[in-house]
Every structure is written in C-alpha cells, then in structure tokens.
1. Search the range B:342-360 for residues that are in contact (Cβ under 8 Å) with a residue 12 or more places away in the chain and pair each with any residue that is basic (K, R) when their beta-carbon atoms are under 8 Å apart and the residues are at least 6 apart or on different chains.
2. Could you pull out every one of the helices (runs of 4 or more DSSP H) wholly within the range A:259-350 that has 1 or more residues that are modelled with pLDDT of 95 or more and of a type in the set (D, E)?
3. Which of the residues belonging to the range B:144-173 are open to solvent by 40 Å² or more (accessible area, probe 1.4 Å) and not in a strand (DSSP E or B)?
4. Could you check how many residues of the range B:138-159 are away from chain A (no Cβ under 13 Å) and farther than 19 Å from A:M312 by Cα?
5. If you check A:V278 against the conditions, is it free of Cβ contacts under 8 Å to residues at least 60 places away in the same chain, in contact with a Cys (Cβ under 7 Å, 6 or more places away or on another chain) and among the β-branched types (V, I, T)?
6. Just to be sure before I move on: is B:N214 open to solvent by 10 Å² or more (accessible area, probe 1.4 Å) and not in a loop (DSSP other than H, G, I, E, B) in the structure I sent?
7. Within the range A:216-232, track down each residue that is buried (at least 21 other Cβ atoms within 10 Å of the Cβ) and among the aliphatic types (A, V, I, L, M).
8. Among the numbered conditions (1) within 25 Å of A:P291 (Cα to Cα); (2) without any contact (Cβ under 8 Å) to a residue 40 or more places away in the chain; (3) of a type in the set (S, T, N, Q), tell me where A:T384 comes up short.
Amino acid sequence: MGLPLMMERSSNNNNVVELSRVAVSDTHGEDSPYFAGWKAYDENPYEESHNPSGVIQMGLAENQVSFDLLESYLEKKNPEVSMWGSKGAPGFRENALFQDYHGLKSFRQAMASFMQQIRGGKARFDTDRIVLTAGATAANELLTFILADPNDALLVPTPYYPGFDRDLRWRTGVRIVPIHCDSSNHFQITPEALEQAYQTARDANIRVRGVLITNPSNPLGATVQKKVLEDLLDFCVRKNIHLVSDEIYSGSVFHASEFTSVAEIVENIDDVSVKERVHIVYSLSKDLGLPGFRVGTIYSYNDNVVRTARRMSSFTLVSSQTQHMLASMLSDEEFTEKYIRINRERLRRRYETIVEGLKKAGIECLKGNAGLFCWMNLGFLLDTKTKQGELELWDVILKELKLNISPGSSCHCSEYGWFRVCFANMSEKTLEIALERIHEFMDRRRGF
Amino acid sequence: MKQLSTKVTSNGHGQDSSYFLGWEEYEKNPYDEMENPNGMIQMGLAENQLCFDLIESWLAKNQDAASLKRNGQSIFRELALFQDYHGMPEFKKAMAEFMEEIRGNRVTFDPKKIVLAAGSTSANETLMFCLAEPGDAFLLPTPYYPGFDRDLKWRTGAEIVPIHCSSSNGFQITESALQQAYQQALKLDLKVKGVLVTNPSNPLGTALTRRELNLLVDFITSKNIHLISDEIYSGTMFGFEQFISVMDVLQDKKLENTEVSKRVHIVYSLSKDLGLPGFRVGAIYSNDEMIVSAATKMSSFGLVSSQTQYLLSALLSDKKFTSQYLEENQKRLRSRQKRLVSGLESSGITSLRSNAGLFCWVDMRHLLDTNTFEAELDLWKKIVYNVKLNISPGSSCHCTEPGWFRVCFANMSEETLDLALKRLKTFVESTDCGRMISRKSHERLKSLRKKTVSNWVFRVSWSDRVPDER
C-alpha cells in the first residue's frame, strides 16, 4: 500500500485556491469498483413482497438477528433509560451538559463488564483504561494517530476489512504494509509472513510502528488461534512495536471457548514493557447491532496512550444521551449474559444454514467460527485466476444472481476467487432465497 | 519503551494552558449551595443552562422523540442501523431551518450542503483537514477560544497566525491588522490558507459588525483564501440588533453562487444555543461541493448518534418551540448579562460592551500590579485560589493586552452569580486600587469608561446604533 493516490484538481481557473491533499486524495477508498455493488442494491433493493427479484444485500456486515432482545429490554425499562427518569427533569439537564471526555463512569463500567463477560471472565478490564470514541472507525484512526507518524507503517494481515485503507491511512498519512496470508493454512498469520512484511517495509525505508489484527477476523469469519497471538506478541516485543487487536466481533464467536482475546494473553504477564504495547479496539456496532449509535472504545495497557487517547477523543465523543441509555442496559448482567448467549446461538445457526446451503450447491467455505459472514471459495469458477477474473465473476453474481457480495480483492486478498458473504443482515427467508438463486446458478453452470 | 507519535509528546492538546488548569482546580473543590458553599464557583465554562426548562417541558409533551418511537411505534431497529454519513435528511432539514430562523430567515441554507459532525470541535478540525496542509496557516483574530490551538493544529499540523486586536477600538478587526498578520505569516514562510473568525466572538461576547464582515470578505477575495465563520453562538445574540452572518454579507454583496462564496464556510453546533454539549451535534456548511464531499466522508470519524439526530430533528422541526425558545433564550441571556455587568460595575470593574455569548470580556487592568502577563497570572491565581472563582485569563485566549478576563454568566443560578459578585467585591475592596475606585460614584465610572474607548466603538454599540449599521 503506497502513498495515497492524488487526483489532479481540474482547474479552468488558475486562481482557484486548492484544497488539501487529504481532501482531494481517494484514500477514502470510495471509488473502488465494488461500490458499484452498493449502487446496484440502492437502485433495485430486494423486498420480500414488493420486489422479490431485487438485489439482495450480502455485502453489509450488520447484525440484525437479535434486535428483539434489545427492543423488549428497552421497552421494559422505558422511561428511565430513554426519558432520563419518569419525570424527565434533573436527569436530562445533567446528561445534556455532560461532555467530559472521560465518558460517563457508569457507561465505562458497563462496557468493561460487558467486555469481560464476552471473554467469559478470562480477562479483567479496568474501567479507567476505557476510552470512548464514536465507533471503532474513530478508535482505529485515533490509535493510529497516537502510535505512528506520517509515512510510518502498520502491518496488517490480508485479507482485511476494506475500511482500514481509509481509517488507518487517510488523514493520518500512515501506510499499511500487508502480511500476506493464504488458504494453504486457512489464512493464518505465520512468523515467515510477519518477517517478510517487516522486511518489505524496512527495504523501502519505512518505519514499522505496529501490527494491527482483527480478531475474530473480518472477512474470514474465524478467530485467531492462541498460538498465533502468542507468536504475534513475541514478534512485537522483538521488534519493539505495538500490537493492536480490533476485537469488534468478539461477541459474535459462535462458541465462546473458541475465542482467545489478546487481553487473556496479557492478563498473566507482569512485564510492563510487554503489556504497554498492547491495545484493544471494541465497538457495539456488530455484537449488539447498533452501528447508528456510534459507540466504540479503545482499551490500552499503556497509561500514556490512555491519557492521549482520552484527550483526542474530544474530536469523537459518544453522545451522552446514548451513553446514558446503554449504561443501564449493559450493566444489567443478567440481561447481557442472556443476550450474549442467545446472539451467539442465532449467529451459529445462520452460519450453519448458509454453509450447508452452499455446500449443497457445490461451494466450499473457509471453516469459520465467528462473525456475520462466511468466506466463500469460488476460485474454481474463475476463467482466469486474476483480479480481473474475480471481478468478472463478481459482476456476474451481481447482475445475474442479483446478489451483492464482496470480492476478496477489495479486502486485498492475494488469492483470487474468495468472496465475503454476509448472512446476519436479513431475514431467514431472504437468506433462503439467496441460497436458491445460488443453487440455480450452479445447476445452470453444471448443465453445460 | 516503544515510542509513541510526536502528537503524543507535543503539547498540541493544549491541556497545560491555564484555561484547563482552572478547570482542574474547580474539579477539586466545586461550589455547591448546600454541600460546599465555600467551594470554587465555575465561571470559566461557557455553558448555557438558562433554558433547560423549555426543552424539558417539550420532552414531557413529546415522549416519542426520546423513546425511539414514531407515532407510538418503535423505530429502534431503524435508528440502530442508521449510520449513513450523509446524516438523517429530516435532521439536516431541521438544522438548516433552525439556522435560517436564527438569521431572521434572511438567508437560506440548503440541507445538502450541511455536513454533520460530533460537535463543532470535530467540525472545525475536519474543515482544517480539508483546507490546509501540515504547515499551512490560518489567521485568527485575538483573543480567541483556547480550544482552537488543539482543534485546528494538533492532528492537522496546521498553524495559527494571530490577527492582533486591541482594546483601543473594542477589539475589532481592522484592515491593517489583517494585512499585518498576513505579512507575518509570509515572514514565517507559512502559506496562508484562510481566516477563521468566531461570530459572535468567544471570548469577547460581541457580534462582528457589518464593517468587519465586509472587510473580511474583501480580504479573502483579494488574497484568494478561505473564510471560516464559526457561528456557534449565533443563537445567543441578545443585543437589540440582529445577528449579521457572513451569509448575509455574501447576499448583500450579491456574491451568492460566485467563486468567492465557495470559499466561505460556516461552522455551527447546538452546544451553546440549546445547551446540549453532551449530545455532540455540530455542522459544517459549505458552498463548495468538493469540500462537502470530502468532509462528508471524513464525518465517518465523528458521526452524530442516530438516537440523538432523531430526538433533535423532532425538537427543531417544532417551529412553535424553536421560535419561543430563541426569543426566551435571548431574554434570559440579556437579563443575566445585565446582572453580571452591573455587579461588576459596583466593584469598579468594567467590561467590553457585549451583545451576545455566554460571557463577558472583563477589564481588570486596573487591578494589575504591572502591565504584564506575569501580573495577570498573579491576579488570576489570587482570584482562583483566594476568591475561589474560576475565570479565564486573557493570555489563555492569546490576548495581546494583559488584564482582560472572560467571565461566564449562563452556567449557574442567579444566586450563585450574586455570590460570585459579592466575593469579587470583597476581594477588590481589599486591594488598594479597588478601594480607591469603588469609593467613586457610578457616574464617574461611566465617564472613565468613555475615555478609554474610541468614538468608533460607540457608533456600533447597541444602544447608540446608527441606522446604516443594520
């Protein structure tokens, strides 16, 4: 990943004062070909009764399977939770005025306890190390500002969430150097791949400041193994760099025992110089399905990072109205325990449905155990195993099957033919229809 | 230890300034009518606490808005999933109309040109990212809001070059001050990308005059640079004249839809006018499509909670509420300001004649031992630690003249304000200078004030307003 591409600002007027390079660059990533998929969906969205042959959106990693649990909780607890107390009065004022970048203590406590519960109590979270930001998008950018200077690099394993190109690089001026992973070992990070990435950066005279992983992985839909995490931490210690673990999907692991958080690894380490390089990003957008509420957090074992992140969070505070509403919900441990358990179960069933359905159509997926999507292998359908070949197949799937899925190249996957397919942002019925369309497509192809 | 970025080690966050230190002292010993009557009174926080009752009674009558319901039906799901960085259309429409109402409906705002941000803190920084490279400069009139040092410079790498304003003309911006600042930037080898003003001004509490606004528009036209007008206090204008926005001036000069109008941007927020800083609602308004487009994408880093957008779109769409609120807000602010001003005067302290904002710009030069910033800091420490009032020293706002302080009046009850004034009076009378002055009559004080301010200021002061100033 090099320097941000720049567009020449066309000027028919030589006196036009220029915008910044950041403003005109396309590092926001939105000109990628696969945004055409979103456009196709917007123009012709599937709707069960009104538009059953429309485009089904399978490119959006949203969690819509557990809203009923949240809705019924909020219904019961209204008005204390949304109305600031049944009389409305003093609670409102105080809340409306609250803009302290430490965040509402009750909310931070609730987040800490929620994160602990997700990890089955295998790691403890200190309320005072929680820094709130408006979503993980903001958290990742903020951490990058803090850990790296412009032109420094973060190493990120491929395939990775396309949004990182914007979040980690756009305004920060920091680069991403990929750690190449492939299907030969289920896309796991190997020590060789790490060394190679590091060396690539050094050869280009780029200073590496850290490794950023997503665990569980987007787009793989799989947890990172404990041994790999330990190796990663070793690597970071040896190179004296940071380790950022974006654990935004931690609550979406189908079987809790299969998830090892970096927090667990660090829990038993006393050496501060090791702990201080570890930072965790979290958000309520995936596990709770609340992307609109903009709730993210940075959890750091480094005091300096916590202090600076807190100050920087002034640019991206969570609405106090939202903190107030979610504080009571997330600190209700009986509710959260039930929610986490049921959410995992429903996601697991969805995953099994889609993987079985694809298998019956002759399509294999990477063995996954988490997240809101599966990593599907259509390599055998490509005319040529190139990016072009992959995009052509993607276009066929979009135009003929009317399914918007995400091509692996948009996630910087170095192997062509992989696609991310979301399953939690639609009804079960819609998922069935999508699978039917895939079946028919595969039948037609075999019919040749 | 693994190193962190230079942003961490620099002081760009600005937290070591006295502005923030005063806050810290207050946190240690906060005044409370019952629990801690000798505690420190917070007069350094520009919050608007005067009209919460109006919002609260609206909430009581419109329960759906805060309960995530529409017509009694839950829209929880819809709101929970809404993360479109274009913002909620109903909310942007309501914001545009509210901004129009504040400007007497003389100008129109197109909702499509609004970009939402998590507070004006975020909006100002985002605009900087769009308009300036690291090392580029923006000119700001002094004194200015201390937070700008962080908001405009910290992560963007941009620079601020001051436009020096002085008490000789009521701190108004002059052509020569503008030119001087521009030249200074060139001398420092900085490329000037624009001018940023706060209108009404923080910390002065005065709205920019039409003359100043014309001057600014002419200046940016000739230098081919941007103008950012942070109008966050536009709804707090309590003077008897109307608030003149830079948009009014563009219209009057027939500059709408010209290249110049694309270089004029407004920042707004609901933190001051509505007193909702916790909800993080800010906005950028720009006529430049590229800026709107870039800023919209950048807003991903600071979106407004959909829950909050929904509540406020309902509130601001209620025109009966907004017109009643704006009128009442003005009334209450005016009466509060009067109370502070006359209380100060009875201690022999004058302040810049203000017509907006949540604070007064108070003249305590006569209480300084020497005309230096060291003396200002000494006085400030006495006021903070002995008198137990947290006020903001002018130096923290980059004022070039020692002795000026910003004193807030809208973030406390009337009783607390009276107590603060009483403490101040006691303090002043304990100093030599204070004793001398407070023995004189109120009339002598008025004439004293007249001598230190030029006629120009009186032409534009609110009670003497000349018709063509409108």
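1. The qualifying pairs are B:G343/B:K425; B:S346/B:K425; B:S347/B:K425; B:G348/B:K440; B:T350/B:R449; B:L358/B:K272; B:F359/B:R406; B:C360/B:R406.
2. Per the criteria, A:262-267, A:303-312.
3. Scanning the range B:144-173 gives B:Y145, B:K153, B:H164, B:S168.
4. Residues in the range B:138-159 being away from chain A (no Cβ under 13 Å) and farther than 19 Å from A:M312 by Cα: 6 in total.
5. So A:V278 fails the test.
6. So B:N214 fits the description; yes.
7. Within the range A:216-232, A:L220, A:A222, A:V224, A:L229, A:L232 meet the criteria.
8. Evaluating A:T384 over (1) within 25 Å of A:P291 (Cα to Cα); (2) without any contact (Cβ under 8 Å) to a residue 40 or more places away in the chain; (3) of a type in the set (S, T, N, Q) leaves (1) as the failure.
The values are calculated or read from the model by the stated rules, or taken from the named source; none is laboratory data. What you are looking at is a predicted structure, and each value in this text was computed from that prediction instead of being measured. We place every Cβ from the backbone using ideal geometry, glycine too, and count neighbours over all the protein chains shown. In case anyone asks, the SASA skips ligands and DNA or RNA and just uses the protein heavy atoms, side chains included. Shrake-Rupley method; radii C 1.70, N 1.55, O 1.52, S 1.80 Å.
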